[in-house]
Amino acid sequence: MTIYAYFTLSTGDSVGSPPAPTLYKKFRVVEGGYKPFREKKQSDDTTLDGTPDIAQGGIYRTFQYIVKVRDVDPNADEDFATYEDLVQFYEYNNPNGTPSNIITMVDHKGVTHLVMFMGMLAEEPATVMLEGVNAIYFTPVTFKKVG
C-alpha cells in the first residue's frame with residue numbers, strides 16, 4: 001500500500017466518468033493534525049420510572065485535519081492548495097450546483113471518500129507574514145463522509 005504525504009480534494013463533479021474536476025488540489029497535514037473518528041448519533045434519556053431510554057441512530061465517519069496551506073504556493077505546478085483554494089472548496093454550498101457541496105476526498109492511503117465540509121473555516125496564520133510565498137496558515141478543517 002502506498003502512503004502519500006498529503007490528501008486530495010476535488011470538486012464533486014469529478015465523481016464517475018468525465019467531466020474532469022473543476023478544482024483538484026493536494027493538502028499537506030500538520031504533524032499531529034490528523035484525527036479521524038466515528039460518531040454514533042444517539043439520545044440518552046431517563047423514563048419516569050428511572051430506567052434508561054436510549055435511542056440509536058446512524059454511525060458517521062468524520063475526518064478532522066489541520067492543513068498547512070500557503071497564501072501563494074511557490075511550487076504551483078505540483079497542485080498543492082493555497083488558502084484561497086481551501087476557501088473555494090469550503091464555499092461550495094449548493095447541493096444542486098455545479099460543482100456541488102459534495103467533495104471527493106482521496107486520503108493519504110489512496111482511499112476515495114465523498115465528503116462535505118462541516119463547521120467553520122478559521123484563518124490561522126502560522127507566520128508573521130500574511131501575504132506572499134512566505135505566508136503559511138495552519139487551518140483546522142472537518143469533513144463528514146456522505147457517500
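Tell me whether region 55-66 contains one or more residues that are more than 14 Å from residue 26 (Cβ to Cβ) and part of a loop (DSSP other than H, G, I, E, B).
Within region 55-66, the first condition is being more than 14 Å from residue 26 (Cβ to Cβ), and the residues that meet it are 55-64, 66.
With part of a loop (DSSP other than H, G, I, E, B) added as a condition, the list becomes none.
Checked against the condition, which is being more than 14 Å from residue 26 (Cβ to Cβ) and part of a loop (DSSP other than H, G, I, E, B), region 55-66 yields no hits at all.
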Task: Only one of 11, 2, 22 that is modelled with pLDDT under 90, out of contact with any strand residue (DSSP E or B) (no Cβ under 9 Å at 6 or more places or on another chain) and of a type in the set (Val, Ile, Thr) - done: 2
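Of the residues 127, 142, which single one is without any contact (Cβ under 8 Å) to a residue 40 or more places away in the chain, surrounded by fewer than 18 Cβ atoms within 10 Å (Cβ to Cβ) and closer than 20 Å to residue 32 by Cα? Spell out how you get there, then give the answer.
Values: 142 fails: without any contact (Cβ under 8 Å) to a residue 40 or more places away in the chain.
Result of the check over 127, 142: 127.
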- [ ] Could you please let me know if residue 120 is surrounded by 11 or more Cβ atoms within 10 Å (Cβ to Cβ) and either assigned to a strand (DSSP E or B) or at pLDDT 90 or above (or both)?
- [x] no
TODO: Could you tell me which of the residues 82, 51, 98 is modelled with pLDDT of 90 or more and under 25 Å from residue 26 (Cβ atoms)?
DONE: 82
Task: Counted residues, region 57-104 - those being closer than 18 Å to residue 5 by Cβ, among the small types (Gly, Ala, Ser) and in contact (Cβ under 8 Å) with a residue 12 or more places away in the chain - done: 1
Open item on the list: Out of everything in region 67-90 that is among the hydroxyl-bearing types (Ser, Thr, Tyr) and assigned to a helix (DSSP H, G or I), what residue ends up being surrounded by the fewest Cβ atoms within 10 Å (Cβ to Cβ)?
Closed with: 90
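Please verify whether region 16-28 includes one or more residues that are in contact with a Ser or Thr (Cβ under 6 Å, 6 or more places away or on another chain) and of a type in the set (Lys, Arg).
yes
The values are calculated or read from the model by the stated rules, or taken from the named source; none is laboratory data. Please read these numbers as outputs of a predicted model, since none were measured by experiment. Backbone-built Cβ (ideal geometry, glycine too); neighbour counts: all protein chains shown.
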